[in-house]
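Here's the structure we're looking at; comments come further down.
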């Protein structure tokens, strides 16, 4: 996908601050400092629209980025950083859960994992949470440039096994340095967006057919 325009829109902490309208939203979840901001910047061909930080736990809001005027990336607070206060974590939890479980324009979550390491307990918990609520998920194993190419498949297999991913679950090997996996990630994103639209159309058709049957 060619990105011609990308802009930061808002840092939201409640539904009343979410952008109005029905543009599709793709959320990004992952441990603090795993590379979500770097992923966003690479995907939209910008160096620092999404601000990266050397201080894990800095993102404390839902950060909205409008892409080409047709969809949003929504960067969620990072999880799993011990030095973030318990009070802050208690604020984030309900905010993220409310967004993930109720936000109608949400089409999928990109779950960012560091390919160099096995998924943590928090990573496993997030993936299980998304699957439990039937939220479409794309696992992105980032920092692929940090390990030899010959070991990529072993690391990918280990991640799939640790997360107990099904065969149909999408996992993309990615590097924000080299662009590895960028086009594949865009294809997966639009597949999820279009799949949701198709599902909605199928439901409408079924309702029409049912109404027609009842009318007879």
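The values are calculated or read from the model by the stated rules, or taken from the named source; none is laboratory data. If you're wondering where the values come from, they're calculated on a predicted model, not measured in any experiment. Here the Cβ positions follow ideal geometry from the backbone for every residue, glycine too, while neighbour counts run over all protein chains shown.
At a glance:
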read-out: Boolean, residue 118 is farther than 21 Å from residue 43 by Cβ, over 18 Å from the mean Cα position of the chain (by Cα) and touching a residue at least 40 places away in the same chain (Cβ under 8 Å); value: yes
read-out: Answer from 142, 161, 213 - the residue that is more than 26 Å from residue 70 (Cβ to Cβ) and at pLDDT 95 or above; value: 161
read-out: Condition check for residue 68: farther than 21 Å from residue 121 by Cα, touching a strand residue (DSSP E or B) at 6+ places or on another chain (Cβ under 8 Å), loosely packed, with under 15 Cβ neighbours inside 10 Å and modelled with pLDDT of 55 or more; value: yes
read-out: Residue list for the stretch 168-192, filter: assigned to a loop (DSSP other than H, G, I, E, B) and either surrounded by 15 or more Cβ atoms within 10 Å (Cβ to Cβ) or out of contact with any helix residue (DSSP H, G or I) (no Cβ under 6 Å at 6 or more places or on another chain) (or both); value: 168, 169, 174, 175, 176, 179, 180, 181
read-out: Selection within the stretch 20-42 - at pLDDT 95 or above, out of contact with any helix residue (DSSP H, G or I) (no Cβ under 8 Å at 6 or more places or on another chain) and in a loop (DSSP other than H, G, I, E, B); value: 23
read-out: Candidates 105, 136 - the one that is surrounded by 15 or more Cβ atoms within 10 Å (Cβ to Cβ), touching a helix residue (DSSP H, G or I) at 6+ places or on another chain (Cβ under 7 Å), touching a residue at least 60 places away in the same chain (Cβ under 8 Å) and within 18 Å of residue 188 (Cα to Cα); value: 136
